[in-house]
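S.K.: There's a structure below that I have some questions on.
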Amino acid sequence: MTNTSGPDLDNRDPNTLSEYLQVEFDDVIAEPRGAYSVDCVWKVAYKIFTGTKNYCYKFLTILFAFPIALAVGLSFAILSFQHIWCIGPAIRHFRISCHVVRLYVRTCLDSCLAPCCNDMGLFFSKIRITRGPGTEDQVL
């Protein structure tokens, strides 16, 4: 919605969404060394491939681009509406509600489990390990 000047007719994939889509003749058809066809066959095949691809693509876009654009626009409008008006507030509501539960659980753990953990920490902190007589190969 920020681009009010219209679509960029020179760069139609500014975010490189279709970078993986390689549909040129050299990307699809290739002859390895030692298996070359006659030059005129290669040139005519190139023209047929490129012409068919371009004209069929243009014909299909004339037929289907408007209804697909309408459907995709509607789909993203619904998706945006759901996230802005339904999912976002529901998650915020859930996080606020869970905060109270978190405080309750933290209080219970601090009052019941923390003293035991503190005592165990003090108990184990008094253990000292020293090296006694023996060889370097012995496991302590």
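S.K.: Of the residues I87, I127, I96, which is open to solvent by less than 100 Å² (accessible area, probe 1.4 Å), not in a helix (DSSP H, G or I) and not basic (K, R)?
M.R.: I127
S.K.: Run down L60, L21 and say which single residue is exposed (fewer than 10 other Cβ atoms within 10 Å of the Cβ) and among the hydrophobic types (A, V, I, L, M, F, W, C).
M.R.: On inspection, the qualifying residue turns out to be L21.
S.K.: If R12 satisfies every condition in (1) open to solvent by less than 100 Å² (accessible area, probe 1.4 Å); (2) charged (D, E, K, R); (3) part of a loop (DSSP other than H, G, I, E, B) but one, which is the exception?
M.R.: In the conditions (1) open to solvent by less than 100 Å² (accessible area, probe 1.4 Å); (2) charged (D, E, K, R); (3) part of a loop (DSSP other than H, G, I, E, B), R12 misses (1) alone.
S.K.: Also, quick follow-up: Looking only at the range 24-46, which residues are within 16 Å of Y57 (Cβ to Cβ) and loosely packed, with under 10 Cβ neighbours inside 10 Å?
M.R.: The answer is D27, and nothing else.
S.K.: If you check V101, V105, V44, which single one turns out to be under 30 Å from A30 (Cα atoms) and more than 26 Å from the chain's Cα centre (by Cα)?
M.R.: V44 is the lone residue from the list that is under 30 Å from A30 (Cα atoms) and more than 26 Å from the chain's Cα centre (by Cα).
The values are calculated or read from the model by the stated rules, or taken from the named source; none is laboratory data. On a predicted model such as this, the values are computed, not experimentally measured, just so you know. Heads up, the Cβs are rebuilt from the backbone with ideal geometry, glycines too, and the neighbour counts pull from every protein chain shown. All accessible areas refer to the heavy atoms of the entire protein, side chains included, with ligands and DNA or RNA removed. Shrake-Rupley method; radii C 1.70, N 1.55, O 1.52, S 1.80 Å.
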